1. Could you work out the helix-only [θ] at 222 nm for the chain, with each DSSP H run of four or more residues adding -39,500 (n - 2.57) and the total divided by the number of residues, to the nearest 500 deg cm²/dmol?
2. Measure out, as a whole number of angstrom, how far apart the alpha-carbon centroids of region 164-206 and region 77-103 sit.
3. Rounded to the nearest whole Å³, what is the per residue volume of the convex hull around the Cα atoms of region 185-275?
4. Would you work out the relative contact order for the chain, in percent, from Cα pairs under 8 angstrom that are 6 or more residues apart?
5. Please work out how much accessible surface residue 214 shows to a 1.4 Å probe, ignoring ligands, DNA and RNA, in Å² rounded to 10.
6. Show me, for region 121-133, the HN-Hα J-couplings you get by feeding each phi into the Karplus relation (A = 6.51, B = -1.76, C = 1.60, θ = phi - 60°), rounded to Hz, glycine and proline as x.
7. Where q = 0.14, 0.15, 0.25, 0.28 Å⁻¹, what log10 of I(q)/I(0) comes from the Debye formula for region 243-294, counting one point per Cα?
8. If the cut-off is a Cα-Cα distance under 16 Å, which aspartates and glutamates reach residue 233, setting aside same-chain residues fewer than 8 apart in sequence?
Amino acid sequence: MFKIFLVFLVLTITGFITIWLKEDPGIISIEWHGWLIESSIPIICTLILLLVSILLILFFFIKRIIFLPRTLHKGLNNRKKIKADIAIIKAFAAKHMGELDLAKSYSKRAKFLDNTPLKLLLDSEISNYYGNEIELLEYHQNMLQHPETLLMSIKKLTLKNIDNKEIKNALKIINMSPKSKNTPKWFFYTSLQLNILDNNWEQVNSCIKNIHKYTNTNTNSLKLIKSRIFLHKALVHKKQEIIESHDVDNSLKFDSSFPPAIVLKAKLLYKKDKKSALMYIEKSMKKYPHPDITNYLINIFHNESKNKLLNIIKSLIKLNNDIYTSAALAKVALQIEAWSLARKTINLISEEKWTKYIYLMMAELEKKEHGDNNKFKIWYNKSRDAPLDFTWGCTSCSYISRKWELICPKCSSLDSIQWQQFSSSSLEVETAPINSRHSKISFGLNDEEAARGIIKELGTGIDR
């Protein structure tokens, strides 16, 4: 409607001007070097318009002649690009059919698009299929130059450097990641992981700030991350024989219930004041029962007499009689040959909650106390189908660890070592062989080497 109105308005104005010029055409005189030109305004205007039109036609004609080579070249490139685009589409189709040879052939026909994001992506996948690491690395390096493939190339190159244990190079690559809310959280967490591995504690703080600013990680999750990082830092300093307690305190400030932090705090206290350390660990046992805490408390007294160990066991049962504490204490009773106490402690646990570890202990108890191979076989056979015990293990690769670690030693995942119950029946429960009372006690339902000792011993009993 507006266009119609505009055309009507222009025609109206033009009509009025035409009528006005017709009624009052006027005369224009031009004198130049003795020449005199006289004409009406309409004719002069018509001549001017004609002259301008001729000049414009000449301008565009000359321009086309001058730019003809460039136009021809552009047209040729457009035709090549169309053919290359078709070849690329066919190459991707062939790749998704699993015909990599055909995809490679089509990719070669798309040579015109070399070093473009789409072509680099295709060629990198083909090189990856054929295992050509040198070409693949070159393609990923070239991808860094394009915003469209930047994140992908950063991720691939970072993972490659991590696999090669080249942490410094991985850090250089991951630092190229754009800091924005459109960047996936993997890049921020991987940067955090690499800086932790390199002990760059200042950069670790920056990474946590970036995670808070650019990802949707909630406050509680951030607190847990901070808690684990402070604990890891304290453990690193402990290995370096740098005795500091503020990192452990910070860890417990963000998460007061985490057993490894509680144990480390108790160890540091024990060096300064044994009494306060024991009070702290017993208080923690009441609030946050866990095998790691039980193990540490009893290990303090591993060289004590049987009677003292018996008293410790009884006092700990009063503190907490959950399944983990009872199982760990039953193991101690087995170790010091307190058979009746071991049986009583095991029976505190409802049989419907028994795990593989508890069945194995019961089998050992029948063998050691009564020499009853029949009951031994019954309990041992039940252990085969029993649920596995909780243990420190990686949620990413199922690696079983003797202790908590911030970064999985096998797959390098960050904060993936969790206290969990594996479902795979192929995983053996880990316990410690029973030795003399003077050997250091290791209770863990999660000690990796220890399981084989008791399992071999029980197996020998079956063979008999």
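1. On the way: 21 runs with 301 residues, N = 464.
One gets -21000 deg cm²/dmol as the mean residue ellipticity at 222 nm.
2. Each part reduced to its Cα centre gives a spacing of 36 Å.
3. 91 Å³
4. Numbers: 536 pairs, mean separation 32.9, N = 464.
Once normalised by length, the contact order is 7 percent.
5. Surface accessible to solvent at residue 214 totals approximately 50 Å².
6. So the Karplus estimates, Gly and Pro as x, are 4, 5, 5, 5, 5, 5, 5, 5, 5, 7, x, 8, 5 Hz.
7. For region 243-294, the Cα-only Debye profile gives -0.30, -0.35, -0.96, -1.16.
8. Cα-Cα hits under 16 Å: 198, 202, 241, 244, 247, 249, 255, 405, 415.
The values are calculated or read from the model by the stated rules, or taken from the named source; none is laboratory data. In this text, all values refer to a predicted model and were calculated from it rather than measured experimentally. Note: ideal-geometry Cβ built from the backbone for every residue, glycine included; neighbour counts use all protein chains shown. Surface areas here come from the heavy atoms of the whole protein model, side chains and all, with no ligands, DNA or RNA. Shrake-Rupley method; radii C 1.70, N 1.55, O 1.52, S 1.80 Å.
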